[in-house]
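> Handing you a structure now.
The values are calculated or read from the model by the stated rules, or taken from the named source; none is laboratory data. The structure displayed is predicted, hence computed values, not measured ones. Every residue, glycine among them, receives a Cβ derived from its backbone with ideal geometry; neighbour counts consider all protein chains shown. Accessible surface is based on the protein model in full, side chains and every heavy atom, while ligands, DNA and RNA are left aside. Shrake-Rupley method; radii C 1.70, N 1.55, O 1.52, S 1.80 Å.
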Amino acid sequence: MRDDWEAELTKFWGVRVGPGGQYAEAARKGGFVAIEWHELGDLTWYATAPDEDPAWEKLFGLYTDAYEVSGVRASVGAGQVARFARDIKVGDVILTPNTPQGLVYVGRVTSPFLFVESPKDGCPYRQRRKVEWLLDVPRKGLPQPLLNSLGSLSTVYSLQKAADYVRALLGEGSLSEGPKPVEADVVSHVLNRLHALHPKDFEQFVADYLRSIGFEAAPGPYVSDGGIDVAGTLDAEGLASVFLRIQVKRTKNDVGIEVVLKTRGALGVDEQGAIVSLGGFTSHAEKEAVAPGKKRITLVGGDTFAANLLARWDDLDPAMRKLLGVAPKASLPVQERFAVVSD
């Protein structure tokens, strides 16, 4: 257990080491975490600049010149670099997903910012921090709120909202006030119930789920060889609209890269894509979904989809709840524990 004053100062961060965690294993073995952006060169000058120095303006200008971007894109990109080089402190906690292996590495930062000129450890990224890795945690065993936070599209992002869950993983706190992971047998039962549906009925179920979380959604015309199966629009109070197109796979097998490519190819300029599967995804599919320079495709596997449904239990209509074949135990909050029920 750490001292209280140390715990209060600790910040929690998610850092992706390569698309889909491509270099996460190398980082785990080498005791470091790293980000790309090698065109910016050695950023030690930024990491060590005094607070009153106009370092941000210089970094922002360097970023816009190097990547020929401006406005929001430049601010978001340069902001991630700034967080990694300067905002992350020694003693902070890092979570790094290794998507292909279904793991999340948890560690504590042990060094200031470092620039490695010629890495020879399997990871080409030169902007680094040393890390003492403490845990290798199976992704599917994590609480859903933490999984939601880890789903950020950014390379470097704050996990402060999920701090209590991370502290519990490290044995520095308890989740007695928050939702606990759903038992594996309940998730398995939910997946079996969904898999028993006709493909068209499963598409309708996914559309119903989208509507339960605020989308206007409907399944498309049924065709046996796939395509965009469900379309949804989320209107953010007239300020912006999100257009989501989903490929639905009622399969227990791993979905391959060809489905990712097909989904991306069917999207319009302003549309976002996702694949919802009752199984998992191959490592090639996971890497392609987050490939640099391409439109990202969100992958939602069976375990995640089942956990999302149970986390949204209060929002589901009675017919959806009945179909899942589970119910919350009366003695515990809805989000904590479910039991299989007979029809």
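> Is it the case that residue 306 is part of a helix (DSSP H, G or I), of a type in the set (Gly, Ala, Ser), open to solvent by less than 50 Å² (accessible area, probe 1.4 Å) and at pLDDT 85 or above?
Yes; evaluated as a whole, the condition is true for this residue.
> Considering 78, 85, 66, which residue is open to solvent by less than 30 Å² (accessible area, probe 1.4 Å), among the small types (Gly, Ala, Ser), assigned to a helix (DSSP H, G or I) and modelled with pLDDT of 90 or more?
Being open to solvent by less than 30 Å² (accessible area, probe 1.4 Å), among the small types (Gly, Ala, Ser), assigned to a helix (DSSP H, G or I) and modelled with pLDDT of 90 or more holds for just one of 78, 85, 66, which is 85.
Yes or no, residue by residue, for (1) in contact (Cβ under 8 Å) with a residue 24 or more places away in the chain; (2) assigned to a strand (DSSP E or B); (3) closer than 29 Å to residue 324 by Cβ:
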{"site": "253", "(1), (2), (3)": "yes, no, yes"}
{"site": "261", "(1), (2), (3)": "yes, no, no"}
{"site": "288", "(1), (2), (3)": "yes, no, no"}
{"site": "295", "(1), (2), (3)": "yes, no, no"}
{"site": "298", "(1), (2), (3)": "yes, yes, yes"}
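> Suppose the filter is modelled with pLDDT under 85, open to solvent by 60 Å² or more (accessible area, probe 1.4 Å) and either over 19 Å from the mean Cα position of the chain (by Cα) or over 20 Å from residue 201 (Cβ atoms) (or both); does residue 315 pass it?
Yes.
> Consider residue 223 against the criteria (1) open to solvent by 50 Å² or more (accessible area, probe 1.4 Å); (2) assigned to a helix (DSSP H, G or I); (3) modelled with pLDDT under 85; (4) of a type in the set (A, V, I, L, M): it satisfies all of them except one. Which criterion is unmet?
The one condition residue 223 does not meet is (2).
> For the range 114-152, what are the residues that are free of Cβ contacts under 8 Å to residues at least 60 places away in the same chain, assigned to a helix (DSSP H, G or I) and of a type in the set (Gly, Ala, Ser)?
141, the sole residue that qualifies.
> Does any residue of the range 151-168 turn out to be over 19 Å from residue 99 (Cα atoms), crowded, with 18+ Cβ neighbours inside 10 Å and touching a helix residue (DSSP H, G or I) at 6+ places or on another chain (Cβ under 7 Å)?
yes
> Does residue 39 count as free of Cβ contacts under 8 Å to residues at least 60 places away in the same chain, surrounded by fewer than 15 Cβ atoms within 10 Å (Cβ to Cβ) and in contact with a helix residue (DSSP H, G or I) (Cβ under 7 Å, 6 or more places away or on another chain)?
For residue 39, the condition - free of Cβ contacts under 8 Å to residues at least 60 places away in the same chain, surrounded by fewer than 15 Cβ atoms within 10 Å (Cβ to Cβ) and in contact with a helix residue (DSSP H, G or I) (Cβ under 7 Å, 6 or more places away or on another chain) - is met.
> Let me ask something additional. So in the range 260-295, with the set limited to residues that are touching a strand residue (DSSP E or B) at 6+ places or on another chain (Cβ under 8 Å), modelled with pLDDT under 90 and open to solvent by 50 Å² or more (accessible area, probe 1.4 Å), which one is farthest from residue 195 (Cα to Cα)?
Out of the qualifying residues, it is 270.
> Give the number of residues within the range 88-107 that are in a loop (DSSP other than H, G, I, E, B), modelled with pLDDT of 90 or more and out of contact with any Phe, Trp or Tyr (no Cβ under 8 Å at 6 or more places or on another chain).
3
> Identify the residue in the range 108-117 that is open to solvent by 40 Å² or more (accessible area, probe 1.4 Å) and of a type outside the set (Phe, Trp, Tyr) and, among all such residues, is modelled with the lowest pLDDT.
The selected residue is 117.
> Please verify whether the range 46-58 includes one or more residues that are within 27 Å of the chain's Cα centre (by Cα) and either part of a loop (DSSP other than H, G, I, E, B) or charged (D, E, K, R) (or both).
Looking through the range 46-58, none of the residues is within 27 Å of the chain's Cα centre (by Cα) and either part of a loop (DSSP other than H, G, I, E, B) or charged (D, E, K, R) (or both).
> Based on what the data block shows, is residue 120 more than 29 Å from residue 56 (Cα to Cα), within 21 Å of the chain's Cα centre (by Cα) and open to solvent by 50 Å² or more (accessible area, probe 1.4 Å)?
Considered against the rule, which asks whether it is more than 29 Å from residue 56 (Cα to Cα), within 21 Å of the chain's Cα centre (by Cα) and open to solvent by 50 Å² or more (accessible area, probe 1.4 Å), residue 120 comes out as no.
> Within the set of pairs 6 or more residues apart or between chains, which connect a residue that is of a type in the set (S, T, N, Q) inside the range 194-215 to a residue that is modelled with pLDDT of 90 or more and surrounded by 15 or more Cβ atoms within 10 Å (Cβ to Cβ) with Cβ atoms less than 9 Å apart?
What qualifies is 204/197.
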